[in-house]
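To keep things clear, I will list the structure first and then write my remarks on it.
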Amino acid sequence: MRKFWAVFIFCCLMLTLCACGGDDGGSIADADPNLGKYIGIQGEMDGIVLTMEELYPGDSYLELKKGGKAALVLEGDCIDGTWTLDGEEFNLVVEDQDCPGTLKNGTVVFDFAGSGIILTFSKEGAK
């Protein structure tokens, strides 16, 4: 009977340890380096370049999340969307509008909803 209880307690302990492990979506080595917050740098249209603060006063950033989810914040207003990346070809979809562009070297550049306004965002902490 003692062996039964010893094995039972051992199994309960192992289940407890497994339950506490959680799911963080993979190890750090498996994490997508493109995920994170990108700060708004500038906007350009017809050769006129404005800082993001001049174009959209207030908080302006793009957050790329796992699972292809995104949050575009302009003037403090958040627009949820999705994103894809094929090599350096980046596409953001917000409010059913494609925003094609590129993502390379920690910089995202895209045409905002086909409007001809080219927005540039740089990854937080990047040089």
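Straightening the chain between residue 102 and residue 35 buys 22.7 nm, computed as 0.36 nm per residue apart minus the Cα-Cα spacing. Between residue 113 and residue 82, the contour length at 0.36 nm per residue exceeds the alpha carbon distance by 9.9 nm.
Laboratory data are not the source of any read-out in this text; all were calculated from the coordinates shown. Model, not experiment: these values are computed from the prediction.
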